[in-house]
1. Taking H as built 1.01 Å from N, whose amide H comes closer than 5 Å to the amide H of Q78, not counting residues under 5 places away?
2. Ranked highest first by average number of other Cβ atoms within 10 Å, how do 59-65, 36-42 line up?
3. Among 103-112, 79-88, how do they line up by average Cβ neighbours within 10 Å per residue, starting with the highest?
4. Given R₀ = 35 Å, what would the calculated FRET efficiency be for R92 paired with S41, taking r from the Cβ atoms and rounding to 0.05?
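Readers should treat all values here as calculations from the given coordinates under stated rules, not as data from a laboratory. Given the structure is predicted, the values throughout are model-derived calculations rather than measurements. Cβ sites come from the backbone with ideal geometry, for glycine too, and all protein chains shown count toward neighbours.
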Amino acid sequence: MVLRLPAAICSAAFITACCTAILVCGSAAAESGIASVYAYSGSKTASGERASPGGLTAAHRTLPFGTKVHVTNKRNGQSVVVRINDRGPFVRGRVIDVTPAAARALGFSGLAPVTLESRSGIASLGAGASSFGWGGGTASFASLKADPARVLPKD
C-alpha cells in the first residue's frame, strides 16, 4: 500500500497537468513555416476534386481533407481561411501550398513566412508530420459548399 501511494499521487499530478494544458492551450494549435503558391488548373487534387487556382484552397501534408485553416502572413499580418483539399508541399521547410487566389489575399507571390491555425475542429496542428497519419477527413464536400472559405480583414 505504501508503494502504491506515490504512484497514485504522481498519476493524479500528471493527469491534472495534462488537463490544465488542454484548457490553457485550447483546441487550436499553431504551426509556422513557409507557404508557397501552387496551382494545377483543372487537374485532380489528392481529395479527388478539380484544382481551381481561383479557389481558397490549399495543400497540407497531414491535415484531413476539408479542414479549414487560418493562414496569416507574418510579414504583413494579412490572413485568409483556406480549405485543405490536396497533399503537399513536399519541400523541406514549407508547411502549406496555397492557390494563387489565397496568395493574393495574403499579399504575396512565391514564398512567404506564415502561421497556420486549424479552424475546423476536426484536426489540430502539430510541430511535426510524425504526430499525424496520412489520410482524408470525414467532412463531406456538400457541407463545405454550405460554409465556403472566406477572406478575413486585416486586424
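1. For Q78, whose amide H was placed from the backbone, the distant partners under 5 Å are N73.
2. Details: 59-65: 22.4, 36-42: 15.9.
Per-residue mean Cβ counts within 10 Å order the peptides as 59-65, 36-42.
3. Result, highest mean Cβ count within 10 Å first: 79-88, 103-112.
4. My answer for the efficiency is 0.85.
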